[in-house]
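**Student:** The structure under discussion is supplied below as structure tokens; questions concerning it will follow.
The values are calculated or read from the model by the stated rules, or taken from the named source; none is laboratory data. This structure is a prediction, so every number in the text was calculated from the model and none was measured. Reconstructed Cβ throughout: ideal geometry from the backbone, glycine too, with neighbour counts over all protein chains shown. Remember, those area values only see protein heavy atoms, side chains included, never the ligands or the DNA or RNA. Shrake-Rupley method; radii C 1.70, N 1.55, O 1.52, S 1.80 Å.
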Amino acid sequence: MIICSNCGHENAEGSIFCLECGTSVDGAQLLVTKTIADSEMVDSVKKEALNSGADDLSTDYWLALRLMENDKMLYLSARDEFTLGRFTEGQPVAPDIDLMPYQAYASGVSRLHAAIRRDSDRVIIMDLGSSNGTYLNGRRLNSHMEEQLKRGDVIALGKLKMQVIV
């Protein structure tokens with residue numbers, strides 16, 4: 001288990017963000033090969049996660065995002081909706097997933113940039129009125145309009161790019 005230094009919550013091995021407070025947790029560096037074939041993608045991601053010591057990831061998450069700059073993985077689990085952005089001291093509202101450790105400020109990520117949610121068997125992304133825009137496969141999304149995600153899609157929050165793995 002990884003203990004959050006901010007709130008003390010016990011998180012599963014391999015967690016990057018605390019499921020309780022959203023703070024980045026130390027100890028996880030999961031990498032995934034960029035050249036996984038579509039038909040093998042889900043099994044390969046699960047195998048890599050298990051090989052790196054994340055014992056329960058095969059059933060814990062409903063979406064995996066690969067940060068394209070450094071191949072770090074973000075696993076979304078436990079809740080059906082997450083906000084993505086960057087934490088700033090003194091900000092009254094913080095994003096569920098803080099992207100500051102991944103050069104979010106330099107990449108133009110807003111404090112509350114986008115939301116991703118699970119809606120039965122669909123995964124939806126929505127720009128939250130960000131300054132530098134949210135892009136899906138190179139196309140800028142309209143603010144507060146939902147767009148469906150699918151495996152292989154590339155999301156850009158400003159210039160910070162991530163690929164939908166599962």
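**Student:** For N132, which sequence-distant residues (separation of 5 or more, or a different chain) have an amide H within less than 5 Å of its own amide H, given hydrogens modelled in the peptide plane?
**Tutor:** Here S110 satisfy the definition.
**Student:** Here's a follow-up. Looking at the square roots a ≥ b ≥ c of the eigenvalues of the Cα gyration tensor of region 57-166, which shape do they give, rounded for a/c under 1.5, prolate if a/b is larger than b/c, or oblate?
**Tutor:** Values: a/c = 1.34, a/b = 1.24, b/c = 1.08.
Rounded, since a/c falls under 1.5.
**Student:** OK, next. Considering amide H positions built from the backbone, and no H for Pro or chain starts, which residues 5 or more places from F17, or on another chain, come under 5 Å of its amide H?
**Tutor:** V25
**Student:** Could you give me the ³J(HN,Hα) list for region 81-96, computed from phi with Karplus coefficients 6.51, -1.76, 1.60 and θ = phi - 60°, whole Hz, x at Gly and Pro?
**Tutor:** Per residue, the Karplus-derived 3J(HN,Hα) values read 9, 9, 9, 10, x, 10, 7, 10, 3, x, 6, x, 10, 10, x, 5 Hz.
**Student:** With θ set to phi - 60°, apply the Karplus curve 6.51 cos²θ - 1.76 cosθ + 1.60 along region 136-146 and write out the HN-Hα couplings as whole Hz, x wherever there is a Gly or Pro.
**Tutor:** The phi angles translate into 10, 6, x, 9, 5, 8, 6, 4, 6, 10, 7 Hz.
**Student:** Taking amide hydrogens as modeled 1.01 Å from N in the peptide plane, which residues meet the under 5 Å criterion relative to K72, leaving out close sequence neighbours?
**Tutor:** L67
**Student:** Give the accessible area for S131 in Å² (nearest 10); use a 1.4 Å probe, count only protein heavy atoms, and leave out ligands, DNA and RNA.
**Tutor:** Here the accessible area works out near 100 Å².
**Student:** Using a 10 Å cut-off on Cβ atoms, rank the peptides 94-100, 6-12 from the highest mean neighbour count down.
**Tutor:** Values: 94-100: 20.7, 6-12: 14.3.
In decreasing order of mean packing, 94-100, 6-12 become 94-100, 6-12.
**Student:** For region 7-16, in order, what is each residue's ³J(HN,Hα) by Karplus, 6.51 cos²θ - 1.76 cosθ + 1.60 with θ = phi - 60°, in whole Hz (x at glycine and Pro)?
**Tutor:** Once rounded to whole Hz, the list reads 10, x, 5, 8, 10, 5, 3, x, 5, 9.
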